[in-house]
Amino acid sequence: MVDWDRQRSRLSDRLRERVADEDVLAAIASVPRHQFVPDDKRHDAYADRPLPIGSGQTISAPHMVAIMAEVLDLSPGDRVLEVGTGCGYHAAVTAELVGPENVHSVEYHASLADDARETLEATGYGDISVRVGDGKEGWPEHAPYDRTYLTCAAPEFPAPLVEQTRDDGVLLAPIGDGQQRLIRAEKQADGTLDSEDHGGVRFVPLQ
C-alpha cells in the first residue's frame, strides 16, 4: 500500500531548497497530486517533474507550481484567473492559498476541463470554477482579478488578460516563442506593466 501522505510530505520538504514560503509548501503538502495524474503515471506522482495528462498537455513539475505560487504572493480572498486548467492540480494548489471559490480557470480542451472538474470535486475543490474557452480572452464575468497566471507559454501577455487584472494586480506567465522566461508583471494605473524576469522555463504553448 502506497503511503501517499508521506510521499507528499517528503516532496514538500524537498522543495524547501527552492521555495521559502511556508504557506506554499503547506499547500503542496495538502493537494493529492496522485489523484490528478493518469493512472499509469500515478507511481511518479510525487517525482518533481512534469507528466503527460493527454491532449498534448502536461501537469507541471511541483517545484514550478510552488515557485509560481510564491512569485504571485497569493493571499486568502485574492480573486485569481488561471489560464490553462489542465488536470486541475495547479488550480487546487492556488485554492489552498486563496480559497476555492476565488479561483476561476479557463481550459481550451473540453475533455481536460471535464476531467478536471470531476477530480476537483472528488478532492474537495469543487468550488473552483472551470470553463471551456480560449484562454487568451480570459473570463471577463469575474473580473477584475487580483492575480492572473498562465500555465502555458505566450508570446506576450494577451491584452484581455491585462485588462481583466486590476490596477496594482499581478500577472505571471511563461513568455516567449522559443526561449521562454517566467515573467511577473505588476499592472500600473495607466495600464502598462512593470515586469521582472524570474528565469528560463519550458511550458507547452498557449492554444
### Charge context of residue 127, other residues only, Cβ under 15 angstrom, K/R +1, D/E -1
-3
### Query
With charges set only on the Cβ (+1 for Lys and Arg, -1 for Asp and Glu), what does the dipole of the chain come to about its Cα centre, in debye to the nearest 20?
660 debye
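Got a number for carbon plus sulfur as a percent of the chain's accessible area, 1.4 Å probe? Intermediate results must be reported in sequence, preceding the final value.
Numbers: 4100 of 9420 Å².
Within the chain, the accessible surface is 44 percent carbon and sulfur.
So, for the chain, what is the accessible surface per residue at a probe of 1.4 Å, expressed in square angstrom? Write out the running numbers ahead of the final one.
Details: 9420 Å² over 207 residues.
On a per-residue basis, 45 Å².
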#### Entry: 4, 139, ranked by accessible area, largest first (probe 1.4 Å)
4, 139
### Task
Could you pull out which residues in segment 84-123 have an amide N less than 12 Å from a spot 7 Å beyond the Cα of residue 16, following the Cα-Cβ vector?
none
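What share of the DSSP beta bridges in segment 53-207 is antiparallel, in percent to the nearest 5?
Numbers: 14 of 32 bridges.
Antiparallel bridges make up about 45 percent of those DSSP assigns within segment 53-207.
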### Task
Report, by chain and number, residues whose modeled amide H sits under 5 Å from the one on residue 169, excluding near sequence neighbours (fewer than 5 apart, same chain).
187
### Summary
The ratio Rg/Rh over the Cα atoms of the chain, Rh being the Kirkwood inverse mean 1/r radius, stands at 0.94
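Determine the relative contact order of the chain: mean sequence separation of Cα pairs under 8 Å and six or more apart, normalised by residue count, in whole percent. Kindly include the intermediate steps, with their values, before the conclusion.
Details: 430 pairs, mean separation 30.8, N = 207.
In percent, rounded to a whole number, it is 15.
Rounded, prolate or oblate: which fits segment 5-123 when a ≥ b ≥ c are the square roots of the eigenvalues of the alpha-carbon gyration tensor, with rounded for a/c under 1.5 and prolate only if a/b beats b/c? Walk me through the intermediate numbers first.
Working: a/c = 1.71, a/b = 1.11, b/c = 1.54.
Here segment 5-123 falls in the oblate category.
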### Residues with amide H under 5 Å from that of residue 31, placed H, sequence gap 5 or more
none
### Query
Label residue 181 and residue 118 with points 7 Å out from Cα along Cα→Cβ: what is the distance between them in nm?
4.2 nm
### Message
Apply the Karplus curve 6.51 cos²θ - 1.76 cosθ + 1.60, θ = phi - 60°, to the phi angles in segment 180-189 and return the couplings in whole Hz, x for Gly and Pro.
### Response
9, 10, 7, 10, 9, 10, 9, 6, 8, 4
### residue 105 long-range amide H proximity, modeled H, under 5 Å
82, 129, 130, 131
#### Entry: Charge dipole magnitude, Cβ of K and R +1, D and E -1 - segment 1-115, Cα centre, debye nearest 20
340 debye
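Net charge near residue 18: determine it from the other residues with C-beta under 14 Å of the C-beta of residue 18, scoring Lys and Arg +1 and Asp and Glu -1. It would help to have the intermediate numbers written out before the result.
On the way: positive: 14, 16, 49; negative: 13, 17, 21, 22, 48, 70.
With Lys, Arg at +1 and Asp, Glu at -1, the net is -3.
The values are calculated or read from the model by the stated rules, or taken from the named source; none is laboratory data. This is a predicted model, so every value here is computed, not measured. Backbone-built Cβ (ideal geometry, glycine too); neighbour counts: all protein chains shown. Side chains included, ligands, DNA and RNA excluded: accessible areas come from the protein's heavy atoms. Shrake-Rupley method; radii C 1.70, N 1.55, O 1.52, S 1.80 Å.
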